[in-house]
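The values are calculated or read from the model by the stated rules, or taken from the named source; none is laboratory data. Just so we're clear, the structure is a prediction, and the values are computed from it rather than from any experiment. Because the Cβ atoms are built from the backbone with ideal geometry, glycine has one as well, and the counts that use them run over all protein chains shown. Areas reflect the complete protein model, heavy atoms only, side chains present, ligands, DNA and RNA absent. Shrake-Rupley method; radii C 1.70, N 1.55, O 1.52, S 1.80 Å.
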Amino acid sequence: MEENKPHKRRVRYKGTHPRTFAEKYKERDPEKYADTVEKIIQKGHTPAGMHISIMVDEILDFLDIKPGQQGLDATLGYGGHTLRMLQKLDHRGHITGLDVDPIESEKTRVRLEQKGFGPEDVTVRLINFANIDQVAAETGPFDFVLADLGVSSMQIDDPARGFSFKHAGPLDLRLDPEHGISAAERLKTVEKEELIGMLEENSDEPYAREITKAVLERRRRKRPLETTTDLVEAIEEALSFLPQGERKEAVKKSCQRTFQALRIDVNSEFEVLYQFLEKLPGVLKPGGRAAILTFHSGEDRLVKQSFRQLEREGVYSQVARDVIRPSAEECRRNSRATSTKMRWAVKA
């Protein structure tokens, strides 16, 4: 006789609202708790474990997808953009979705399949979008390409990934946790001027020297920065000279910028973007369209410079003259959309 398995109770939380990622079991099950998820979205928040795709209508309007076309989502993520593009194709055509995150890409593949889009409609590849030329060599050129350069909310919200200073967890920040070195390992060997440059160039951090001094001092005292909390404490120490009335907000902003700078560094994001932009025209069909979403000035500057230079050379027939921004209503519903900029280009 088979023994009954003991019932596993869900995580309990104190008070009236769940606070930690583990406690937010309803938010992480949007199919079952759709009403709860919609209430959270209406308040302008992103449900835990979920990602709200940004500027979907603007992207679809520009890409002008037709049934029978071949498309590339260079940054698959949660698959929200991909789903809407697949719906435009209406099971006539194909999309290849790329991601370096083995954890989230498999979840997305299953999610799309549950929505009715299987391998005949979409192929999920575990590959960095810097290698789009390798992908196109197998699939042929694309009618449309989308790249959303933002980090997915699922990664930010999960403390185990170490992307957010708001959650205690390992100081990792890798998009692919199976390769490369973590931010914690990076900080064990980085030199003074290198760290100052990283903070200034990757996030325009005004207190780069003070934060660097605090990080190196902790290292000298054998207090390594192993967790997100350790890094936050170092930043608080670095900015302790500020007047108390200014300090809290300054620490918050410096935490945001420092985590961004480290994430860009450990994932070689600028180098990857350079390669992607250089190879992009070669994977587009004549008349093919490309849309890119950026989330900070460094990314947007690279995209703008590449598009305009290649337009001057006759590679692109048209490029966006100005950035396209999300609507005020979208920003109200999704606060993570506020820094988004969209640029586009059409292959000659």
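Checked against (1) open to solvent by less than 10 Å² (accessible area, probe 1.4 Å); (2) farther than 30 Å from residue 187 by Cα; (3) of a type outside the set (Ser, Thr, Tyr), residue 287 passes all but a single condition, namely (1). Out of all the residues in the stretch 307-334, which are farther than 22 Å from residue 151 by Cα and either among the aliphatic types (A, V, I, L, M) or crowded, with 19+ Cβ neighbours inside 10 Å (or both)? If the condition is that a residue be farther than 22 Å from residue 151 by Cα and either among the aliphatic types (A, V, I, L, M) or crowded, with 19+ Cβ neighbours inside 10 Å (or both), then 307, 310, 315, 316, 319, 320 are the ones that fit.
Would you please name the residue that is farthest from the chain's Cα centre (by Cα), looking only at residues in the stretch 111-142 that are closer than 19 Å to residue 100 by Cα and among the acidic types (Asp, Glu)? Checking each candidate, the answer is 138. Just checking, does the stretch 269-282 include any residue being touching an Asp or Glu at 6+ places or on another chain (Cβ under 8 Å) and basic (Lys, Arg)? Scanning the stretch 269-282, I find at least one residue that is touching an Asp or Glu at 6+ places or on another chain (Cβ under 8 Å) and basic (Lys, Arg), so the answer is yes.
When every residue of the stretch 92-104 is checked against the conditions, none turns out to be out of contact with any Cys (no Cβ under 6 Å at 6 or more places or on another chain) and free of Cβ contacts under 8 Å to residues at least 24 places away in the same chain. Against the criterion of being under 19 Å from the mean Cα position of the chain (by Cα) and either of a type outside the set (A, V, I, L, M) or buried (at least 19 other Cβ atoms within 10 Å of the Cβ) (or both), residue 341 qualifies.
Set side by side, the residues 278, 299 differ, and just one is at pLDDT below 95, among the acidic types (Asp, Glu), assigned to a helix (DSSP H, G or I) and within 24 Å of the chain's Cα centre (by Cα), which is 299.
Looking only at the stretch 260-275, count how many residues are in a loop (DSSP other than H, G, I, E, B) and crowded, with 22+ Cβ neighbours inside 10 Å. Let's see the steps before the verdict.
Residues of the stretch 260-275 in a loop (DSSP other than H, G, I, E, B): 267-268.
Now drop any that are not crowded, with 22+ Cβ neighbours inside 10 Å, which leaves none.
Within the stretch 260-275, residues that are in a loop (DSSP other than H, G, I, E, B) and crowded, with 22+ Cβ neighbours inside 10 Å number 0.
Within the bounds of the stretch 315-334, is there any residue that is touching a residue at least 24 places away in the same chain (Cβ under 8 Å), outside any strand (DSSP E or B), of a type in the set (A, V, I, L, M, F, W, C) and out of contact with any helix residue (DSSP H, G or I) (no Cβ under 8 Å at 6 or more places or on another chain)? Spell out the reasoning first.
Initial filter on the stretch 315-334 (touching a residue at least 24 places away in the same chain (Cβ under 8 Å)): 315-320, 324, 326, 330, 332-334.
Those left that are additionally outside any strand (DSSP E or B): 315, 320, 326, 330, 332-334.
The next check asks that each one be of a type in the set (A, V, I, L, M, F, W, C); those that pass are 315, 320.
From the residues that got through so far, the ones that are out of contact with any helix residue (DSSP H, G or I) (no Cβ under 8 Å at 6 or more places or on another chain) too are none.
No, every residue in the stretch 315-334 fails to be touching a residue at least 24 places away in the same chain (Cβ under 8 Å), outside any strand (DSSP E or B), of a type in the set (A, V, I, L, M, F, W, C) and out of contact with any helix residue (DSSP H, G or I) (no Cβ under 8 Å at 6 or more places or on another chain).
Reported count of residues in the stretch 59-87, each being under 24 Å from residue 134 (Cα atoms) and open to solvent by 60 Å² or more (accessible area, probe 1.4 Å), is 1.
Listed by position, the helices (runs of 4 or more DSSP H) contained in the stretch 88-191 that have at least 1 residues being surrounded by fewer than 22 Cβ atoms within 10 Å (Cβ to Cβ), at pLDDT 90 or above and of a type in the set (Val, Ile, Thr) are 102-114, 132-139, 183-189.
More than 18 Å from residue 132 (Cβ to Cβ) and at pLDDT 95 or above, is that true of residue 330? No: the conditions fail for residue 330.
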